[in-house]
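Worksheet for the structure shown next.
Just so you know, all these numbers are worked out from the coordinates, no wet-lab data involved. All of these numbers come straight from a predicted model, not from anything done at the bench. So basically every Cβ, Gly included, is an ideal-geometry build from the backbone, and we count neighbours across all protein chains shown.
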């Protein structure tokens with residue numbers, strides 16, 4: 001049996017991590033605080049982004065407090081007496097004045113049954129003052145900083161108009177880890193013209209960088225995005241479900257088993273999706289990953305390079 005599991009998973013799930021750390025069911029509660037994205041403002045944003053990054057399962061028209069309690073009420077019906085981690089998901093959630101960030105973050109930490117805070121941001125939106133403040137915040141609560149990387153290939157980062165390079169990401173992680181902050185990296189498999197080698201190199205890079213968690217997404221093409229125009233024009237290859245599963249398993253084999261796998265597939269909205277349609281069956285993908293790992297008799301960390 002894989003060491004970091006309490007079910008049939010052969011990788012280190014977020015549920016297992018939270019259960020082990022807090023001895024109770026814990027949920028991240030997505031919030032939309034209307035943060036802008038500096039990359040979108042300066043250069044139109046990443047080519048896969050729609051006009052506004054959003055948290056798909058929250059109501060952005062509500063106040064932060066109402067968003068939080070509305071989502072908690074839904075969760076409480078199925079999992080009573082749970083603990084919660086407010087998750088600033090939409091936009092670049094450190095792109096504001098330090099005073100505004102302090103007021104926002106510390107207000108949600110006062111909510112009942114809150115045991116941590118999760119903040120999604122960009123590696124180029126973390127100045128020294130903000131990191132110093134995050135260090136203080138990390139002493140008060142369980143703080144997670146999520147950073148978008150998408151790929152460790154600088155040519156790919158230019159193509160997708162990411163707005164930063166690998167070195168910027170490296171420096172951001174090192175500065176955060178200097179303060180023992182829990183860092184989660186976001187990557188996307190199947191970006192235009194990337195090979196399997198590119199995708200495996202990305203997880204090797206992150207493994208060596210010493211991240212604490214990872215979210216693995218499959219590229220999907222949404223309506224009204226720049227990548228949709230590129231796809232319609234060039235019809236670059238999109239990974240099939242079998243190709244995606246094969247690559248994900250190889251990536252898991254290369255990751256330290258202590259790294260928490262927070263997400264392992266994308267979750268597009270049907271009304272926005274152009275391709276691939278197989279991503280709409282999220283639980284089929286998850287189950288097929290589990291089955292294939294059993295078939296191969298493999299697990300996270302099996303091929304970690306020392």
Going highest first, how would you order 65-74, 30-39 by mean Cβ packing within 10 Å? 30-39, 65-74
Based on the Cβ-Cβ distance from residue 129 to residue 60, what FRET efficiency comes out when R0 is 35 Å, to the nearest 0.05? 0.80
Obtain the nm distance between the two label points defined at residue 198 and residue 281 by a simple spin-label model: each point lies 7 Å from its Cα along the Cα-to-C-beta direction. 2.8
The chain: antiparallel DSSP beta bridges as a percent of all, rounded to 5: 5
How do the peptides 261-271, 216-226 rank, highest first, by the average count of neighbouring beta carbon atoms within 10 Å per residue? 216-226, 261-271
For a protection proxy built on the mean count of beta-carbon atoms within 10 angstrom, sort 110-123, 168-181 highest first, please. 110-123, 168-181
Taking each pair of distinct Cα atoms in the chain once, what is the resulting Kirkwood hydrodynamic radius in Å? 20.0
With runs of 4+ DSSP H residues as the only contributors, calculate the mean residue ellipticity of the chain at 222 nm using -39,500 (n - 2.57) per run, divided by the residue total and rounded to the nearest 500. -12500 deg cm²/dmol
Which three lengths, in whole Å and largest first, does region 156-277 cover when its Cα atoms are put on their principal axes? 44, 30, 27
Inter-part gap, Cα centre of region 176-212 to Cα centre of region 97-148, in whole angstrom, is 22
